[in-house]
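The values are calculated or read from the model by the stated rules, or taken from the named source; none is laboratory data. The structure presented is a predicted model; accordingly, all values stated were derived computationally and were not measured. Methodologically, a virtual Cβ is constructed for each residue, glycine included, from the backbone with ideal geometry; neighbour enumeration extends over all protein chains shown. For the accessible areas, the whole protein counts, side chains as well, though only heavy atoms, and no ligand, DNA or RNA atoms are used. Shrake-Rupley method; radii C 1.70, N 1.55, O 1.52, S 1.80 Å.
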Amino acid sequence: MRDTRTPDLDRHPDLHGRWDRRTFIRGAAAGTALLALGGGLYRLASDDLTRQARAESRADGRPRLPPGQRVISRLKNMGGDEGPGDVKSFRLRVHGAVKSPFELDYAALLKLPQVEQTSDVHCVTGWSVLGAVWKGVRIATLAEKAGVKGDVRHVIFEAAHGYTTNVPFAEATAPSCLATYRMDGKPFAIEHGAPVRGLVPDLYFWKSAKWLTGVRFVVRDEPGYWEVRGYHNHADPWLEERYG
Ligand SMILES: Nc1nc2c(c(=O)[nH]1)N[C@H]1C(S)=C(S)[C@@H](COP(=O)(O)O)O[C@H]1N2
Ligand SMILES: [Mo]
């Protein structure tokens, strides 16, 4: 399922020559950019996208690009313990401090109200991918359907093999936060969290759990996998909340 058009050139520097003359169209910071892939050219294009993004600001007034970030044209595979990845065995538990916990299979997820929106994502290692279109169901929609109790303050995103990540309830129920199953119209490759991942775009990308299995609403905070391993509990990229 790996997208073989574009090798990860940072991991496979030996491929630079082979891909030198490949050009392709990518959605980028502002509209569509024509990138020439391969060593210096790719770097130059990335620098251009970064410069361009630095001149932009968001609707909320913050700079388009958080400090210390560089724009790249597609997600890198950052690893993790993969789930099964298929839609057939997919189940999403919505539970915790709620009046009506429920479980969705993939078809049931698709029957809930769907949204499609453009969001930027920012990895703590310093790369950002801008302007992708994400489709899915809002965490707020799940919260409403479950009937969260009044004292809920945090959302725990649960994923395959026990990966978890914690997000304040107010932030996780912002319109931008989704259980998402399409990026730029395409299903996620297994390494990017198929079939459904969390999306919390305004926090560092480790808060966007791949291979999502549950959304749990809680009263008390529960630092997750990376949060107990030295990453910041909150992870605001504009405040560079990288490490705790
Ligand atoms: N289930 C799960 N989700 C995860 C991770 C993980 O290890 N397991 N890694 C996180 C980290 S650290 C990052 S940077 C992003 C990377 O997503 P990507 O590989 O699709 O770029 O996923 C996040 N979600
Ligand atoms: Mo990460």
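In segment 110-129, the residue that is farthest from Gly230 (Cα to Cα) out of those that are within 14 Å of ligand 1 (Cβ to nearest atom) and not in a loop (DSSP other than H, G, I, E, B) is Ser119. Taken over segment 162-173, the criterion of being touching a Phe, Trp or Tyr at 6+ places or on another chain (Cβ under 9 Å), over 13 Å from Thr213 (Cα atoms) and either open to solvent by 20 Å² or more (accessible area, probe 1.4 Å) or part of a loop (DSSP other than H, G, I, E, B) (or both) is satisfied by Phe169 alone. Taking the criterion of being in contact with a Pro (Cβ under 9 Å, 6 or more places away or on another chain), touching a residue at least 60 places away in the same chain (Cβ under 8 Å) and on the phi > 0 side of the Ramachandran plot, would at least one residue in segment 209-222 satisfy it? Yes, segment 209-222 contains a residue that is in contact with a Pro (Cβ under 9 Å, 6 or more places away or on another chain), touching a residue at least 60 places away in the same chain (Cβ under 8 Å) and on the phi > 0 side of the Ramachandran plot.
Quick grid of which residues meet (1) surrounded by fewer than 18 Cβ atoms within 10 Å (Cβ to Cβ); (2) outside any loop (DSSP other than H, G, I, E, B); (3) touching a Leu at 6+ places or on another chain (Cβ under 6 Å):
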{"site": "Gly150", "(1), (2), (3)": "yes, no, no"}
{"site": "Ile156", "(1), (2), (3)": "no, yes, no"}
{"site": "Pro175", "(1), (2), (3)": "yes, no, no"}
{"site": "Tyr181", "(1), (2), (3)": "no, yes, no"}
{"site": "Phe188", "(1), (2), (3)": "no, no, no"}
{"site": "Ala194", "(1), (2), (3)": "no, no, no"}
{"site": "Asp202", "(1), (2), (3)": "no, no, no"}
{"site": "Ala209", "(1), (2), (3)": "no, no, no"}
{"site": "Val228", "(1), (2), (3)": "yes, yes, no"}
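Filter segment 175-194 down to residues that are touching an Asp or Glu at 6+ places or on another chain (Cβ under 9 Å), within 13 Å of ligand 1 (Cβ to nearest atom) and either under 16 Å from Phe157 (Cα atoms) or not assigned by TED's automatic domain parsing to the domain that holds Lys135 (or both), then give me how many there are. The number of residues fulfilling the criteria is 2.
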